[in-house]
Structures are given as C-alpha cells and as structure tokens.
Amino acid sequence: MLHGQNLIGGQWRNSATVAQTFNPSNISEVVGEYAQASVADAEEAVACARKAQPAWARQNIQIRSDILHKAADLLFARATALATLLAREEGKTLKEAVGEVVRAAHCFQFYAAEALRHPGQWHNSLREGHNVIVSHEPVGVVTAITPWNFPIAIAAWKAAAALAYGNTVVLKPSEFAPGCAIRLGEILMGAGLSPGCFNIVMGNGALLGPTLIHGADALSFTGSTPTGRALLKIAAESMTKTQLELGGKNPFIVLDDADIDVAVAAAAQGTWGQTGQRCTGSERIIVTRGIHDAFVEKLVKAVASFTPGPALDPATVIGPVATRPQFEKNLAAIAAARAEGAELAHGGTPAEGHNEGLFLTPALFLNTTNDMQLNRHETFGPIGAVIKVADLDEAIAVANDCELALSSGIATTSLRSAERYRRESKAGMVMVNTPTAGLEYHVPFGGRPPSGVGGRETGSAAADFFTESKTSYINHGVI
Ligand code: ADP
C-alpha cells in the first residue's frame, strides 16, 4: 500500500487525517492511504510556491529545460511501475495506463524544449526613433486541480507547461486517484527542481479550493462542468486567471458514404475505449439513414468485444468504472434512458461473475433522439447512443444542438462533407475518420464555453495561459 504525504516546500508531510483509495477491479483492496491537507497546509503550499517563484522565473532556461528533460527520462524509466499503480488505482487497463504515463513523459520532453523556444515579438513603432517589444513573463503561482480519469497525464501537461514558462505549481489531485501525483512529485524533486516549485496538497476540493485559488495567480482546472462553474465564481472574487477544461457530449457523425469499417472502429473506440471515461468520448453517434442499419449491425458486434475485466489482466479490453459514485451514476443514467424510451441493444448491467469490482458491460442504445435526457447530459461512462438522421444537414444541426462543445467527429469519404463539418462544428476539436478522443500532446486541446474557458491546453497554445505578455516601447533615438 502506498502511504502518500503532501509535498509542501520540498518536504513530505503527514496530516491529522488520512483517506484511502480502493482498487476498482477489486474494491476490497486498498491501494493507498493519503494525508489529507488542512486549509493551513494549503495556505502554506501556496506561500512556498510564491517564495520559490522569482528564483525559478530567473533560472537559466537551459537549467529549467534540463530539469524537465530529466523528469521525462525518469517517467520513461518508471513507466511500468507507474502504469501498474495507475491501473490499480484508477482501473484503466495496463496498456492504457502505459500509454498515459508515456504521454506524461512526452509532455515533459515537449515543454523542456518549449522552455528554450518561447519567442516574443519586435515591432517598428509609428513614432520615429522608437520600437516596440512584446515579451512574455510567467504568471506566477499556478494552482492545478485535476480529475481522476487521467491522473498523471493531466497533472503532467499542466505542471510541465507551467514550470517551463517560469511558474511554480500547487497541484490538488483527485481524491480518488492521487497516487501518480505523489510519484510525479518524487520525480520532479529527483530531477533537481528546487523546493517549493512543485507542491502537492491532497484532499477535499471544496474545502481546499478557495485557499488554493485565492492565493494563486492562475487556476488550471480539469473536471466536471458543475465544479468548473463553482470554481469560476471563486476565482472571480480574487480575479485569479482561470482556465477550465470541462465536460463534453461529443457527437460522432456517420454519413452514408463512410467506409463502414473505419466508421465502426472509430465510433466504438471513441465511445467505449477507456471505459468511456474521457471528456472527449463519443456519447452521441449520429447516423444518416442510408447506412444506419448496416452500421448498427456492425456496431452491435463491436460493442460486444469491449468486455470489461480486471485492469491488470492482459486480456482485458476495458477496465472497471473508476469509482463507486461514477458506477452508480452510470447505472442511474442507463435506467433513466430506458425509462424515456431508448432501446438498449447491448450491455448496461453490472458484469456477471465480477462482483469484486465495479464492472459495467458497455451499453449501446438505439433509436434515441437528441432531446432525450440521455443525449443532453454527459454520462462519462461506457454508454453510447445512436441517433438516426436524414442527411448531413440534419446531422450537423443535431451535432451542434448541445450545450457542450468539446470534441466532435465525422466518418465520410467525401472531402467536401468533411470540410463542411470541420467548418460548421461548434466544437473545439474535429476528428475526421478517427475517434473523437485521443489528441496528441503537441497540439492545442480544448473546447468552446462551457466545455472550455480561458484558452487551450497542451502544445504551444499553453503559453497563452501560463504567461502574461508585456508590451514595451523603447525610445532609442536612432532615426
Ligand atoms: P470528477 O467527476 O472528475 O471527480 P470533479 O469536478 O468533481 O470531477 O473533480 C475534479 C477535481 O476537482 C478533483 O480534484 C476534485 O477534488 C476537485 N473539486 C471538486 N469539487 C471542488 C470544489 N468545490 N472546489 C475545488 N475543487 C473541487
């Protein structure tokens, strides 16, 4: 069992209380026991981050880059152990977990280079003898609040970017899966990061949130839409710069001219991969009538192949649902969908013979309409819903008839239809003939409000959030 402590000013600290996490593949197994930070601990973590920040901002960029590189190397070297912890605590399969740890390592590698490659601008001035420089400075102290579904990748892409641009960080991981954050803290300290540059406080978000947000210069949050709304209000009180990555109800359109096997593979992976626990998962599969019946026949076969099983079993295709509350929410969403007339074609029940874990058979609903509650609210589970439409016009209208606007996709062999959808989708990400989930680390990630607020994450786009620009006029007198 992992005994996790808070990391405050470079010291690992116990607290008066601890909380345990459980293996969702076998809920009788305790994975970790974690010190629960008090508000005073959170205050101290923010104060340590503030104290450490000026020296880190002034740090030679080669040294900054080297530390991030070293962290990437350590993540690669410890990938199997980290992935095993991740699979035990969060429930994703070992293969998915290795992919996530490697993603975290790549984020550190990428931002190690970005630390060296962060250009400003030089302009001629309209005034004689003047020029104008636009430079970029760190924001200061960044609070990162992260969810349980990608506990190391999301922590890594926030922390690596914040550190690369000269900020210091306080990380508040999800109470359901903080183990990887502890390991990331060990790695960053081992890579030579100075005390106070990266701090971890664990515990209840509602308790610690106001202190962590009011004390910081910036908040980068990934989580549910209701929590994001609450945090935006807290951040407004202190005018803390805020970036929110929230929910999705992502549409995947299948047109009559699609390559049916490509369409089925992309829809299935986008919907049930990673047990459906991705904000970019395909929750609405919108299919035009000419291909509908043939597509559905193949999709019913595909969903059956996403058999849930223990995360560490190499034969498992999808792991259990990560948490008990999420498991209950999924079952409630399935019951409500049936009650409103959606036709359950597969799954949607606790998996037989697996009473020791939170195993849910992947659900597929047919003959649903976009106004059903099933298609209005994010389920964040292994639950797909097919909506039959007449043509591309109706498909686009249905896809965009949704409050959330994170990711979206289309399967078609028509370049014209793909380009039309790419332009008309209101989502922040559009995927053609490939699943709605699964962006890479070197490109911008995010949606439009209310799915995303405050600018994109990952890639070079992160610099917009993690730096402030400064416009300087220089009267040099040379004409
Ligand atoms: P999820 O369903 O992914 O757990 P949440 O939005 O509830 O989504 O949680 C994401 C993160 O936000 C977690 O680290 C959680 O502890 C934190 N959190 C939840 N509620 C609050 C809150 N009121 N204030 C600050 N953080 C919160």
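The values are calculated or read from the model by the stated rules, or taken from the named source; none is laboratory data. Everything quoted here is computed from the prediction, not taken from an experiment. All Cβ positions, glycine included, derive from the backbone under ideal geometry; neighbour counts span all protein chains shown. To get the accessible areas, we keep the full protein, side chains included, count just its heavy atoms, and leave off ligands, DNA and RNA. Shrake-Rupley method; radii C 1.70, N 1.55, O 1.52, S 1.80 Å.
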(request) State the number of residues belonging to the stretch 134-162 that are among the charged types (D, E, K, R) and in a strand (DSSP E or B). (result) 1
(request) Six or more apart or on different chains, Cβ under 8 Å: which pairs go from a residue in the stretch 223-239 that's over 14 Å from residue 212 (Cβ atoms) and open to solvent by less than 30 Å² (accessible area, probe 1.4 Å) to one that's of a type in the set (Ser, Thr, Tyr) and more than 7 Å from the ligand (Cβ to nearest atom)? Could you list them? (result) 225/451
(message) For the stretch 297-316, give me each residue that is crowded, with 16+ Cβ neighbours inside 10 Å and assigned to a loop (DSSP other than H, G, I, E, B).
(response) 306, 309, 310, 311, 312, 316
(request) Using the structure shown, decide if residue 419 is assigned by TED's automatic domain parsing to the domain that holds residue 302 and assigned to a loop (DSSP other than H, G, I, E, B). (result) no
(request) Name every residue in the stretch 243-273 that is open to solvent by 20 Å² or more (accessible area, probe 1.4 Å) and within 23 Å of the chain's Cα centre (by Cα), in order of residue number. (result) 265, 269
(message) Among the listed residues 398, 386, identify the single one that is open to solvent by less than 10 Å² (accessible area, probe 1.4 Å) and not in a loop (DSSP other than H, G, I, E, B).
(response) 386
(message) Just the residues that are in contact with a strand residue (DSSP E or B) (Cβ under 9 Å, 6 or more places away or on another chain) and buried (at least 18 other Cβ atoms within 10 Å of the Cβ), please, taken from the stretch 440-461.
(response) 445, 446, 447, 451, 452, 453, 454, 455, 456, 457, 458, 459
(message) Just the residues that are among the polar types (S, T, N, Q) and either open to solvent by 70 Å² or more (accessible area, probe 1.4 Å) or not assigned by TED's automatic domain parsing to the domain that holds residue 192 (or both), please, taken from the stretch 50-79.
(response) 60, 62
(request) Just give me the residues in the stretch 360-378 being hydroxyl-bearing (Ser, Thr, Tyr) and outside any strand (DSSP E or B), in sequence order. (result) 361, 369
(message) For the stretch 430-452, give me each residue that is within 14 Å of residue 247 (Cα to Cα) and either outside any strand (DSSP E or B) or within 14 Å of the chain's Cα centre (by Cα) (or both).
(response) 436, 437, 445, 446, 447, 449, 450, 451, 452
(request) Look through 409, 381 and report the one residue that is touching a residue at least 12 places away in the same chain (Cβ under 8 Å), part of a loop (DSSP other than H, G, I, E, B) and under 22 Å from the mean Cα position of the chain (by Cα). (result) 381
(request) Restrict the check to the stretch 168-179 and report whether at least one residue is open to solvent by less than 10 Å² (accessible area, probe 1.4 Å), assigned by TED's automatic domain parsing to the domain that holds residue 102 and of a type in the set (Lys, Arg). (result) yes
(message) I'd like to check which strands (runs of 3 or more DSSP E) are fully inside the stretch 172-259 and have at least 1 residues that are within 13 Å of the ligand (Cβ to nearest atom) and closer than 30 Å to residue 282 by Cβ.
(response) 218-222, 241-245
(request) Go through the stretch 342-359 and give me each residue that's open to solvent by 40 Å² or more (accessible area, probe 1.4 Å) and either part of a loop (DSSP other than H, G, I, E, B) or among the acidic types (Asp, Glu) (or both). (result) 343, 349, 352, 353, 354, 355, 356
(message) Quick check on the stretch 80-133: of everything there that is over 17 Å from residue 147 (Cα atoms) and of a type in the set (D, E, K, R), which residue is least open to solvent (accessible area, probe 1.4 Å)?
(response) 114
